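What follows is a structure written as structure tokens; I'll ask about it next.
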Amino acid sequence: MDIIFYHPSFNSDYWINALRKAMPQVHVRAWTAGDNAPADYALVWHPPVEMLKGRKLKGVFALGAGVDAILGQLSTNPGMLADDIPLFRLEDTGMGSQMQEYAVSQVLHWFRRFDDYQALKLQSRWQQLEEYEHTDFTVGILGAGVLGSKVAESLLPWGFPVRCWSRSRKSLPGIQSFAGPEELGDFLQGTRVLINLLPNTPETVGLINQSLLNQLAEHSYVMNLARGVHVVEADLLAALESGKVKGAMLDVFSHEPLPADNPLWAHPRVAMTPHIAAFTRPTEAIEFISHTISKLERGETVSGRVDRVRGY
Ligand SMILES: NC(=O)C1=CN([C@@H]2O[C@H](COP(=O)(O)OP(=O)(O)OC[C@H]3O[C@@H](n4cnc5c(N)ncnc54)[C@H](O)[C@@H]3O)[C@@H](O)[C@H]2O)C=CC1
Ligand SMILES: O=C(O)C(=O)CO
């Protein structure tokens with residue numbers, strides 16, 4: 001069996017060696033331009049069109065959780081990957097715990113008013129502020145998939161009411177589940193901290209806009225861990241200006257790297273990180289890929305297959 005690998009920024013040698021160790025019976029090679037030799041599987045992130053075009057593959061693995069980039073490539077290059085070649089993505093593979101760390105630390109930061117204390121500190125002011133109540137700190141998670149449900153579970157032990165919104169209803173102990181567009185309004189009503197973990201699809205682009213933000217609790221907080229295009233930046237800035245939204249923590253942006261003249265950089269109530277909420281971890285990712293390939297080869301059912309029509 002042959003596997004080709006392409007990632008624009010990962011250390012290919014490291015990955016190829018680790019893949020060979022995990023699957024000693026498989027020939028793994030880094031794909032380079034002009035390599036038209038046959039392969040069974042391709043492991044990719046932002047692949048050049050010619051890497052996949054015309055190949056008869058048994059499957060393609062995206063080396064991340066989100067497949068918006070490769071689906072975007074497929075929509076502009078329809079011949080890049082035949083419809084009957086399955087596309088897989090990474091499910092969790094260590095990203096769940098990273099998202100949990102990110103979300104829990106930031107929710108606690110807001111809940112313990114460290115943002116307010118930092119502002120007071122900058123004015124050299126010694127002042128004790130009123131405590132927030134857990135009951136006033138409902139956390140609402142947009143997207144209750146692999147990562148959203150892990151984040152939801154991790155917030156429960158801290159005593160916050162937790163709810164999630166997804167396409168279909170979920171049964172997650174202790175978490176209130178809302179489903180579909182008709183329940184979005186109820187989900188938003190009373191949500192104090194909004195965490196976004198939706199995939200980027202035509203239905204979710206621009207979802208976090210003025211209308212949505214207006215339905216959140218007063219002095220709410222927004223954390224975007226999914227994709228920048230989910231948030232209408234001008235609407236978020238206006239909601240921060242009006243006080244409706246008290247603070248935002250953003251990991252992802254419509255344009256990455258965020259342009260130097262973007263007003264989010266200087267906003268005192270916006271914190272940000274450069275798309276690091278969850279990294280692809282080689283050991284866990286390779287375990288998932290090798291396990292999935294073994295099952296595929298045995299004709300067994302696997303999870304992680306992308307529904308290309310649905311967009312995630
Ligand atoms: N910032 C970062 O470092 C990273 C960001 N991500 C982002 O996180 C996203 C989520 O990842 P997973 O949890 O693995 O995805 P997933 O596919 O397991 O979960 C997606 C969830 O969104 C819901 N959903 C999708 N469309 C919907 C709609 N129209 N209405 C209501 N609910 C809808 C689904 O029902 C599901 O609950 C990825 O697509 C990726 O963009 C993933 C990894 C790292
Ligand atoms: O896995 C993903 O989708 C990512 O965004 C990784 O940065």
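The values are calculated or read from the model by the stated rules, or taken from the named source; none is laboratory data. These figures come from a predicted structure and were not determined experimentally. Positions of Cβ are backbone-derived with ideal geometry, glycine not excepted, and every protein chain shown enters the neighbour counts. Accessible surface is based on the protein model in full, side chains and every heavy atom, while ligands, DNA and RNA are left aside. Shrake-Rupley method; radii C 1.70, N 1.55, O 1.52, S 1.80 Å.
Inside segment 149-186, can you point out the residues that are in contact with a Phe, Trp or Tyr (Cβ under 9 Å, 6 or more places away or on another chain), open to solvent by less than 10 Å² (accessible area, probe 1.4 Å) and under 17 Å from V107 (Cβ atoms)?
V151, F160, C164
Another question about this same structure. Among the residues of segment 300-311, write down those that are within 14 Å of S75 (Cα to Cα) and touching a residue at least 40 places away in the same chain (Cβ under 8 Å).
The answer is R308, R310, G311.
Cβ contacts < 9 Å: first residue closer than 16 Å to T138 by Cα and more than 9 Å from ligand 1 (Cβ to nearest atom), restricted to segment 192-214; second residue in a loop (DSSP other than H, G, I, E, B) and among the polar types (S, T, N, Q), any location; separation 6+ or different chain. Result?
Taking only residues 6 or more apart or on different chains, the pairs are R192/T138; V193/T138.
Table: residues versus (1) touching a strand residue (DSSP E or B) at 6+ places or on another chain (Cβ under 6 Å); (2) on the phi > 0 side of the Ramachandran plot; (3) basic (K, R).
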| position | (1), (2), (3) |
| --- | --- |
| D116 | no, no, no |
| A119 | no, no, no |
| E133 | no, no, no |
| V139 | yes, no, no |
| G159 | no, yes, no |
| S171 | no, no, no |
| Q176 | yes, no, no |
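Same structure again: In this structure, is H255 under 29 Å from L213 (Cβ atoms) and surrounded by fewer than 12 Cβ atoms within 10 Å (Cβ to Cβ)? Steps first, please.
Working: under 29 Å from L213 (Cβ atoms): yes; surrounded by fewer than 12 Cβ atoms within 10 Å (Cβ to Cβ): yes.
Taking the combined requirement at face value, the residue satisfies it.
Mind checking whether some residue in segment 231-243 is outside the structural domain of W15 (by the TED database), within 25 Å of L43 (Cα to Cα) and buried (at least 16 other Cβ atoms within 10 Å of the Cβ)? Don't jump to the end; show me each part of the working.
Residues of segment 231-243 that are outside the structural domain of W15 (by the TED database), as a first pass: 231-243.
Subsequent filtering for residues that are within 25 Å of L43 (Cα to Cα) retains none.
No; the residues of segment 231-243 include none that is outside the structural domain of W15 (by the TED database), within 25 Å of L43 (Cα to Cα) and buried (at least 16 other Cβ atoms within 10 Å of the Cβ).
I'd like the residue in segment 54-73 that is open to solvent by 10 Å² or more (accessible area, probe 1.4 Å) and near ligand 2 (Cβ under 10 Å from one of its atoms) and, out of all such residues, is farthest from G148 (Cα to Cα).
Here the residue is A69.
Please specify each residue of segment 192-212 satisfying the condition of being over 20 Å from the mean Cα position of the chain (by Cα) and surrounded by 20 or more Cβ atoms within 10 Å (Cβ to Cβ). First the steps, then the outcome.
Of segment 192-212, the ones over 20 Å from the mean Cα position of the chain (by Cα) are 192, 210-211.
Result: R192, single match.
I need the full set of residues from segment 291-307 which are within 15 Å of ligand 1 (Cβ to nearest atom) and more than 14 Å from F61 (Cβ to Cβ), in order please.
D307
What residue, among those in segment 89-115 that are more than 11 Å from ligand 2 (Cβ to nearest atom) and among the charged types (D, E, K, R), is most open to solvent (accessible area, probe 1.4 Å)?
Taking the candidates together, the pick is R112.
Here's a check for you: in segment 20-52, which residue that is open to solvent by 30 Å² or more (accessible area, probe 1.4 Å) and touching a Leu at 6+ places or on another chain (Cβ under 8 Å) is farthest from Y312 (Cα to Cα)?
Quick first cut of segment 20-52, residues open to solvent by 30 Å² or more (accessible area, probe 1.4 Å) only: 20-22, 24-25, 27, 29-30, 32-34, 36-38, 40, 45-46, 48-50.
Pick out the ones that are also touching a Leu at 6+ places or on another chain (Cβ under 8 Å) and you get 40, 45.
Values: D40: 23, W45: 15 Å.
Result: D40.
Still on this structure, I have one more. Could you tell me whether F88 is farther than 29 Å from L240 by Cα and either in contact with a helix residue (DSSP H, G or I) (Cβ under 6 Å, 6 or more places away or on another chain) or not aliphatic (A, V, I, L, M) (or both)?
On the way: farther than 29 Å from L240 by Cα: yes; either in contact with a helix residue (DSSP H, G or I) (Cβ under 6 Å, 6 or more places away or on another chain) or not aliphatic (A, V, I, L, M) (or both): yes.
Answer is yes for this residue.
May I ask you to list pairs of residues, at least six apart or on different chains, whose Cβ atoms are under 6 Å apart, with the first in segment 283-299 being β-branched (V, I, T) and the second being part of a helix (DSSP H, G or I) and at pLDDT 95 or above?
Hits for this filter: I286/A18; I286/L19; I286/A22.
Something else now. If the requirement is being more than 16 Å from ligand 2 (Cβ to nearest atom) and without any contact (Cβ under 8 Å) to a residue 12 or more places away in the chain, which of these qualifies: P86, P78?
P78
Name the single residue that is farthest from ligand 2 (Cβ to nearest atom) among those in segment 132-144 being touching a residue at least 12 places away in the same chain (Cβ under 8 Å) and surrounded by fewer than 19 Cβ atoms within 10 Å (Cβ to Cβ).
To start, the set of residues in segment 132-144 that are touching a residue at least 12 places away in the same chain (Cβ under 8 Å) comprises 132, 134-144.
Still in the list and also surrounded by fewer than 19 Cβ atoms within 10 Å (Cβ to Cβ): 132, 134-136.
Working: Y132: 31, H134: 31, T135: 33, D136: 32 Å.
Step by step, filter segment 132-144, then rank; the result is T135.
Within the group L250, L194, L240, which residue is closer than 26 Å to V146 by Cβ and either away from ligand 2 (no atom under 15 Å from the Cβ) or among the aromatic types (F, W, Y) (or both)? Walk me through it before giving the result.
Numbers: L250 fails: either away from ligand 2 (no atom under 15 Å from the Cβ) or among the aromatic types (F, W, Y) (or both); L240 fails: closer than 26 Å to V146 by Cβ.
That would be L194, the only listed residue that is closer than 26 Å to V146 by Cβ and either away from ligand 2 (no atom under 15 Å from the Cβ) or among the aromatic types (F, W, Y) (or both).
Take L57 and decide whether it is in contact with a strand residue (DSSP E or B) (Cβ under 7 Å, 6 or more places away or on another chain) and more than 16 Å from ligand 1 (Cβ to nearest atom). Before you say what the answer is, go through the steps one by one.
On the way: in contact with a strand residue (DSSP E or B) (Cβ under 7 Å, 6 or more places away or on another chain): yes; more than 16 Å from ligand 1 (Cβ to nearest atom): yes.
Yes.
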